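The values are calculated or read from the model by the stated rules, or taken from the named source; none is laboratory data. Everything numeric here is computed off the predicted structure, so don't read it as measured data. A quick note on method: Cβ atoms are made from the backbone with ideal geometry, for glycine too, and the neighbour counts reach across all protein chains shown. When the accessible area is computed, the model is the full protein with side chains, heavy atoms only, and any ligands, DNA or RNA have been set aside. Shrake-Rupley method; radii C 1.70, N 1.55, O 1.52, S 1.80 Å.
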Amino acid sequence: MTSTATAETTPDTGLDHLEIQGVKKVFGENTAIARLDLSVRRGEFLSLLGPSGCGKTTLLRMIAGFEHPTNGHIYLDGKDIVGLPPHRRPVNTVFQSYLLFPHMNIADNIAYGLKQAKVPKPEIAQRVRDVLALVQMEDFAGRKPEQLSGGQQQRIALARALVNRPQVLLLDEPMSALDRKLREEMQLELKRLHTKLDTTFVFVTHDQDEALAMSDRIVVMYDGVIQQVGSGEDIYANPHNGFVAGFIGKQNFIPAEVTSTDGGTAQMVSANSTVMETPSLDLRPASAAGKAGTLSVGDRVRAAIRPERMRVAPAGEETGRPNTARGKVISTSFLGDVIQYMIVVGDNDELLARVPAAGNELLAADAEVDLSWDADAVAVYGFEGGA
Ligand code: ATP
């Protein structure tokens with residue numbers, strides 16, 4: 001399929017359910033979305049994840065029809081929907097603010113779109129009942145929105161979108177107004193709903209934990225560009241660039257210089273004389289805009305080690321082997337399942353270590369410790385503007 005496909009394209013084209021091809025969005029001088037391609041599978045839960053301003057809402061609004069792409073095509077079931085107004089697209093959006101009509105009761109709020117579409121009354125009544133059961137809010141049909149809690153209003157906002165039986169449900173940070181506990185409950189609820197329906201979900205969030213908890217695949221975005229697409233596991237274990245490595249999960253980045261590449265093993269040393277060794281010469285770029293490469297002696301790089309790969313022990317005799325460092329605990333946080341230490345190495349390298357709480361004694365602040373990690377825990381990234 002090429003980007004010259006037209007609205008007459010039939011569904012059996014081998015395209016995924018939702019195909020975004022060569023889409024770009026420019027506001028005046030500002031490129032919100034650089035040329036972007038993305039395939040969304042039928043029935044998948046896909047999250048668009050990235051920091052504020054990365055373009056995720058703009059992309060969602062183009063799928064919904066509230067923004068028009070500067071260039072490119074958006075195919076739903078093989079049909080280009082770019083020319084269709086929002087209400088003609090088989091797509092519904094749940095917004096951050098629930099936008100319920102305050103003067104209407106819950107049943108009327110949910111029925112509103114169906115009434116506008118002139119669906120017969122008995123069918124409306126049945127669909128409203130069904131969708132209220134789906135979101136477990138059957139007993140609330142007669143209430144006004146103000147008589148519901150934030151979480152309950154969120155369920156009604158979902159019901160109001162789902163009652164239209166959209167092929168694609170778009171969710172724009174729908175949980176951000178909820179407190180943490182309620183948000184976690186709603187995440188489970190949304191997953192439960194998703195598994196019951198055939199609907200494709202596209203979910204926008206800046207919260208990596210939320211994306212990891214719910215998604216089949218995550219699209220990590222930064223600066224209007226897709227940085228990586230994959231399952232949470234995949235992105236966490238194998239970040240393609242430094243941006244993804246730092247954005248998903250916690251990460252220690254240690255600036256260092258490559259001192260040896262003998263035998264396919266890279267050795268690096270930090271300003272604090274910490275020696276790191278890794279059994280690979282792969283240099284990953286700082287972001288998707290950079291280029292991957294091969295490490296050579298003299299390169300200035302960032303060695304990355306996940307906090308949970310660090311081992312922490314009271315300071316012993318031995319020091320100076322590669323992939324070890326002597327440090328001092330500057331803070332200790334007991335988080336229930338894990339203990340998190342902030343440890344300073346040398347003058348100013350602050351490293352985060354997370355060790356299982358079970359079977360590990362809690363070390364006090366100021367304790368001298370030995371840090372160590374395995375060579376395969378070390379990945380190497382360039383600097384922005386550098387590699
Ligand atoms: P947030 O999490 O803060 O909502 P986001 O990733 O959803 O961020 P967008 O809202 O898509 O980001 O914005 C992407 C870029 O496009 C930003 O630089 C933003 O300022 C710009 N932008 C968005 N909408 C408009 C508009 N209507 N006019 C001009 N610039 C816009």
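Only residues that are over 20 Å from Ile235 (Cβ atoms) and small (Gly, Ala, Ser): list them for the range 35-57, please. Break it down stepwise before answering.
First, pick out the residues of the range 35-57 that are over 20 Å from Ile235 (Cβ atoms): 35, 42-43, 53, 57.
Residues satisfying the conditions are Gly43, Gly53.
Just for the range 309-327: of the residues that are in a strand (DSSP E or B) and among the charged types (D, E, K, R), which one is most open to solvent (accessible area, probe 1.4 Å)?
Taking the range 309-327 first, the residues in a strand (DSSP E or B) are 311-314, 324-327.
Subsequent filtering for residues that are among the charged types (D, E, K, R) retains 311, 326.
Working: Arg311: 111, Arg326: 84 Å².
Across the range 309-327, the extreme among qualifying residues is Arg311.
Take the residues of the range 53-72 that are open to solvent by 50 Å² or more (accessible area, probe 1.4 Å) and more than 9 Å from the ligand (Cβ to nearest atom): which is nearest to Phe95 (Cα to Cα)?
Step by step, filter the range 53-72, then rank; the result is Phe66.
With respect to the numbered conditions (1) in contact with a strand residue (DSSP E or B) (Cβ under 9 Å, 6 or more places away or on another chain); (2) at pLDDT 90 or above, which one is the sole condition not fulfilled by Leu148?
Tallying (1) in contact with a strand residue (DSSP E or B) (Cβ under 9 Å, 6 or more places away or on another chain); (2) at pLDDT 90 or above, Leu148 fails exactly one: (1).
Report whether or not Ile330 is among the β-branched types (Val, Ile, Thr), under 29 Å from the mean Cα position of the chain (by Cα) and not in a loop (DSSP other than H, G, I, E, B). Walk me through how you get there before you give the answer.
Details: among the β-branched types (Val, Ile, Thr): yes; under 29 Å from the mean Cα position of the chain (by Cα): no; not in a loop (DSSP other than H, G, I, E, B): yes.
No: the conditions fail for Ile330.
Please count how many residues of the range 236-254 are closer than 14 Å to Ser287 by Cα and assigned to a helix (DSSP H, G or I).
Result for the range 236-254: 6.
Residues being out of contact with any Gly (no Cβ under 6 Å at 6 or more places or on another chain) and open to solvent by 10 Å² or more (accessible area, probe 1.4 Å): count how many of those fall in the range 178-206.
Result for the range 178-206: 17.
Restricting the first residue to the range 53-71 and requiring it to be touching a residue at least 60 places away in the same chain (Cβ under 8 Å), which pairs with a second residue that is open to solvent by 20 Å² or more (accessible area, probe 1.4 Å) and hydroxyl-bearing (Ser, Thr, Tyr) meet a Cβ separation below 8 Å and a spacing of at least six or different chains?
What qualifies is Cys54/Tyr222; Leu60/Thr93; Ala64/Thr93.
If you scan the range 19-52, which residues turn out to be within 8 Å of the ligand (Cβ to nearest atom), without any contact (Cβ under 8 Å) to a residue 60 or more places away in the chain and among the small types (Gly, Ala, Ser)?
Gly28
Given the residues Val163, Val128, which is the only one that is of a type in the set (A, V, I, L, M) and either within 25 Å of Leu59 (Cα to Cα) or loosely packed, with under 15 Cβ neighbours inside 10 Å (or both)?
After ruling out the rest, the residue left standing is Val163.
Give me a count of the residues in the range 285-308 that are in contact (Cβ under 8 Å) with a residue 60 or more places away in the chain and crowded, with 17+ Cβ neighbours inside 10 Å.
Counting residues in the range 285-308 that are in contact (Cβ under 8 Å) with a residue 60 or more places away in the chain and crowded, with 17+ Cβ neighbours inside 10 Å gives 13.
Open to solvent by 40 Å² or more (accessible area, probe 1.4 Å), in contact with a Lys or Arg (Cβ under 8 Å, 6 or more places away or on another chain) and within 30 Å of Thr199 (Cα to Cα): is that true of Val225 in this structure? Even if it seems obvious, please write down each step before you answer.
Details: open to solvent by 40 Å² or more (accessible area, probe 1.4 Å): yes; in contact with a Lys or Arg (Cβ under 8 Å, 6 or more places away or on another chain): no; within 30 Å of Thr199 (Cα to Cα): yes.
Judged against the criteria, Val225 is not a match.
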